[in-house]
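What follows draws every value from the coordinates through simple rules; no lab data is involved. This structure is a prediction, so every number in the text was calculated from the model and none was measured. Here Cβ is always computed from backbone atoms with ideal geometry, including for glycine, and neighbour counts include all displayed protein chains.
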Amino acid sequence: MDFQAYFKKLWFSQSEWEIFLALYKLWTQPASVVAKNLNMERTTVYKILLKLSKENIISETLKLWVKHFFVPDISILKKYTKNKLEVYNNLEKNFWNIEKELLSYNQSQKQAIPKISIFNWNEWIKNIYQDILDNVLNNNYISIKLFASNTFDSAAIWNNIIKKHSKNFIKSLKENNIFVDTYLWEWAMTLENISKIVEVEKLNNLSAANSTVNIFVAGQCVYIMMFIEIPYALKIENKDLSYVFHFLFDNLKISE
């Protein structure tokens, strides 16, 4: 590695290493002499000399009220490099503090952006029921809300896999004393009125086919399950959205 490459590794520009090298060759000189030697503008050279002096790799002195610059000893570069190494080592040791702070900013922004998870068909029904259950138990919720569509047409078809996972889920809710505040949107062929279900066991009779919709609201998460030809589900984690659903369900007009 030559002098030029070494100087650049220390984050100095080409002009800076050229001025340092010229000053080292010229001994003690004012900025005007260094500028003339390099065929550079005096003001530019003077500013760079001041910067190098501030970095403590050159020194200053006054002669006849004119500021002169010089390189006191070539070993000053080694000392400069050693000091920088100590600074970088200290920065590395304290990086975890900076990382923690930056991640906290990231998390605060993430909280404002809804996190959306998509569950595709196959194992999704089992996974989303488990996700709801984990969410409830981990956060010590004692109740969740459910909005379910239910028509005669949709109730006529049941998928055995869905029914199995659904029953296991409802059983787990009952075992853990989780109350399900259930709103049922139903009628014969179309959705015409809203009623409520109090007994958890009755959830086993809800349909899960022919465009049936189930919406679970557990804390700050909203789960939307669509039982169509290729069923799918969405999980949306957002405080504001969940608040809207809680408010809507609490203010639904229940049919007598």
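Overview of values
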| item | result |
| --- | --- |
| Flagged links, alpha-carbon separation over 29 Å, of Lys8/Lys100; Lys47/Lys79; Lys174/Lys235; Lys100/Lys145; Lys171/Lys196; Lys25/Lys82 | Lys8/Lys100; Lys100/Lys145 |
| Pair Tyr80, Glu101: separation of 7 Å Cα→Cβ label points (nm) | 2.8 |
| Pair Ser13, Glu55: separation of 7 Å Cα→Cβ label points (nm) | 1.1 |
| Sorted by Cβ density within 10 Å, fewest first, the residues Asp73, Asp131 | Asp73, Asp131 |
| Per DSSP, loop chymotrypsin sites (Phe, Trp or Tyr not before Pro) in the range 1-90 with at most 15 further Cβ within 10 Å | Trp11, Trp27, Trp65 |
| FRET efficiency, 1/(1 + (r/R0)^6) with R0 25 Å, evaluated for Thr43 and Asp73 via beta carbons | 0.35 |
| Footprinting exposure proxy for Thr212, Thr61 (fewest neighbouring C-beta atoms within 10 Å first) | Thr61, Thr212 |
| Gained length - Lys196 relative to Asn127, 0.36 nm times residue gap less alpha-carbon distance | 22.2 nm |
| Total formal charge among the other residues, if their Cβ is under 13 angstrom from that of Leu91, Lys/Arg +1 and Asp/Glu -1 | -1 |
| In range of the label at Ala5: residues from the range 14-42 whose backbone nitrogen is under 12 Å from the point 7 Å along Cα→Cβ | none |
| Radius ratio Rg over Rh of the range 3-91, counting only Cα atoms, Kirkwood formula for Rh | 0.99 |
